[in-house]
1. At 1.4 Å probe radius, can you tell me the per residue accessible area of the chain in Å²?
2. Expressed as a fraction of 2.2 N^0.38 Å, the rule-of-thumb size for a compact globular protein of N residues, what is the C-alpha radius of gyration of the stretch 1-143?
3. Using a 1.4 Å probe on the protein heavy atoms only, what accessible surface does T178 show? Give it in Å² to the nearest 10.
4. Of R66, R705, which has the most accessible area and how do the rest follow, probe 1.4 Å?
5. Provide T264, T415 ordered by accessible surface of protein heavy atoms (probe 1.4 Å), highest first.
6. Pulled fully out, how much extra length does the chain show between E626 and V97, if you take 0.36 nm times their separation in residues and subtract their Cα-Cα distance?
7. Taking the stretch 538-603, how much of its Cα-Cα pair set, in percent, is spaced more than 18 angstrom apart?
8. Just to verify a number: FRET efficiency for F432 and D462, C-beta to C-beta distance, R0 = 30 Å, to 0.05?
Amino acid sequence: MLTSKDKTDTKRLPMMPIRDVVIFPYMMTPFVVGREPSVRALEEALAGEKKIFLATQHYASVDDPRPEEIYSVGTIANIVQSLKLPDGNIKVLVEGVERAKVVSVTEDEGFFRAVVKTFAYKVEAGPQLEALTSRVTQLFEQYVKLSQNLNYETMIAAIRVDDAGKLADTVGANLQLTIEEKQELLEIFDPVDRLTRVAELLDIEIEKLNVDRTIQGRVKRQMEKAQKEYYLNEKIKAIQKELGRGEKSEIDELKKRIDTAGMTKEAHEKAIAELKRLESMPPMSAESTVSRNYLDWLLAVPWKKRTKEIRDLKFARQVLEADHYGLEKIKERILEFLAVRRRVKHPKGSILCFVGPPGVGKTSLGMSIAKATGRRFVRLSLGGVRDEAEIRGHRRTYIGALPGQIIQMMKKAGTKNPVMMLDEVDKMSMDFRGDPSAALLEVLDPEQNYMFMDHYLDVEYDLSQVFFVATANVLHTIPPALQDRMEVIRLTGYTELEKLEIAKRFLVPKQMEQTGLTGAEVEFSDGALEGLIHGYTREAGVRNLEREIGNVCRKVTRAVVDRESENPKAKPEKRSIVAESLSELLGPARFRDLELEKKNEVGATTGLAWTEVGGSILTTEAAVMEGRGKLQTTGKLGDVMQESAQAAMSYIRSRAQLLGLPRDFYRNVDIHLHVPEGAIPKDGPSAGITIATSIASALAGIPVRSDIAMTGEITVRGRVLAIGGLKEKLLAAHRQGIFEVILPRDNEKDLPDVPENIRKEMKLRFVSSMDEVLRMALEREIGSQPLAATPPVEMPQPGEEKITH
């Protein structure tokens, strides 16, 4: 211990709050006193022992501070001189004597009088104190040398003292610190602690001064750079002229690089011509910079460098299986591509387009293709691109021209045969600057892209060895000509079983790693993952599922850290995440399954719909009331869906007698057709049979079965036509617990796309006419001449016969 408290003393002195300055002991400071209370306190001190207590106020803008707005630690000072100025203010010169702490403050005769306590410390000399004093002295000398505001000789003389407290106060008073930092230093009574803090502050201030000096030097160098470069270049020219040499070194190096770059004949000739132009230009001219940049781009693009391709089908399958679960079609297509590469020396580049809802793994598939083939991977995001020059680049006549993104990606890849992902190709747009999708036609055409022409390079470049992979959420926004150049592979939404497997194999381990958890600390049950899939996400992919798993892992991590903080020696406890604990961790479920009608209702039919994020259930309601034959539709239905309602109505009118209805029934009633969730736009023809069933049920007064769903387009003659999105619609029905679905007979050919477990568990009824639909969907027969019903069909597996029940 270097210090010990020796004694304390209490004094009662006039108190003056001061602004924007902290007075240290041993410090001579002049300032002007103008506030009335301060003048009275000064006069009181001058009338006595000429001692006054000076304390800095918290906020300089406060003219009449209260005692609590003044720091409790200040300095007792001697008033050395005072001079009354013509304007009534008093100029004083004070010398700090010792720091003191306020015990109490009273207001007496218009000014503050404070009872303050002083503390005397006894400092023990020793090697440690000598080392600290020497360090502070050396640092302060360094600080004075770097600072332009302090006189070196004066400052060095001032710190040649043996007292540690006086040294700390002298140095602290002369540092460029904030008021808060100086006040903090003043409040340290222990001399050795104060000296240690001064050493820390000196380190910081010296670092700041070094940074300032570096910045100033850099600015000065930049200002002189142009003149310096000009002078040196002229001098080099003169020296080379005297030696009989030209400016050959850089030009020779560029020519050597051009000759060894492996360029095409056209590109080589263009590069040599540009090099000759560069040679004849002054080095400082703007045109010289443009030419040099052009040559740099020509040399940066890969002309002959290729990545050695991995053509091992077994390895490729292992990579794809390890990275993705399911997606068998895509995996087969990639393996087919590799098989062709093994047999054909120079096959044309492949151009695939993955189309599917967000989060199903389109972008990550591109990375897996690159990994499986041993190629480099580059990704170009086309979302929001609306300028054709983004693809083909700008001509060199423009200031700041650059090649297009295709050439820039090739430079980034560094090889002629990378996997290039064109992400979000469906989200491009066009304006007065051109249509980027039209520019992509050349890029994605195997018959043309071997001579792709970038406006900036202005030479043909071979893109035929690039493996292009485009991704999109929808196809209808992609121009037909562009679609025609790509092999479209659809990625539909994952089934719940697939999501469960993906979560167990990929998402949970990934999120555990990212949140610092181990298998000994957390475990997810299948029930918990199923709860997350059902109650906290509604998506075709798994992006939100991964986010929710991450939320759970973060909460578990926090609980683990809290437990370790309370008891560092405690053994780790494994937290089992089960379905019941999800509401505690994530709050109540955000989604709930559609509550299907528990009993059969008149006019209420369950339909199936397709959306960009997968399939969904769509309830259709019909109500009949007295009127004049008006058909009203609500629920934000699109034109096609309204036309389906008209077609359904025409069918029912044409079949009125067979349906047991008066021939002129429509003259005396109005029919209101409503599809709930009215804020969501709905369109498409596949709700035709659903609408017809609801209207027929409402007119006949016969309930519709609540345990059956349906989808299909209807004609005015009652034919049922094929629909799209069969897999997604059946997944939605299965998810909602509906295991019997009416489908168009023409969709029977699409069943191989439906997952095997769905085909096994669901009974699918295929129909070709609306009469069959009504016989199956309504609770009892209507009309006098119904057609024979089509029995439910248990879907056969490949190689099996169809079994009819």
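1. Details: 41720 Å² over 805 residues.
That works out to 52 Å² for each residue.
2. Numbers: Rg = 17.3 Å, N = 143, 2.2 N^0.38 = 14.5 Å.
Working it through for the stretch 1-143, the quotient is 1.19.
3. 70 Å²
4. Working: R66 125, R705 50 Å².
The residues order as R66, R705, largest area first.
5. Numbers: T264 60, T415 0 Å².
Most to least solvent-accessible, the answer reads T264, T415.
6. Numbers: separation 529, 0.36 × 529 = 190.44 nm, distance 10.29 nm.
180.2 nm is the gain from fully extending E626 to V97.
7. Numbers: 1228 of 2145 pairs.
For the stretch 538-603, the fraction of Cα-Cα distances above 18 Å is 57 percent.
8. Numbers: r = 32 Å, r/R0 = 1.05.
Working from the Cβ atoms, E equals 0.40.
The values are calculated or read from the model by the stated rules, or taken from the named source; none is laboratory data. Since this is a predicted model, take the numbers as computed values, not measurements. Here Cβ is always computed from backbone atoms with ideal geometry, including for glycine, and neighbour counts include all displayed protein chains. Each accessible area value is taken on the protein alone, full model and side chains, heavy atoms only, with ligands, DNA and RNA left out. Shrake-Rupley method; radii C 1.70, N 1.55, O 1.52, S 1.80 Å.
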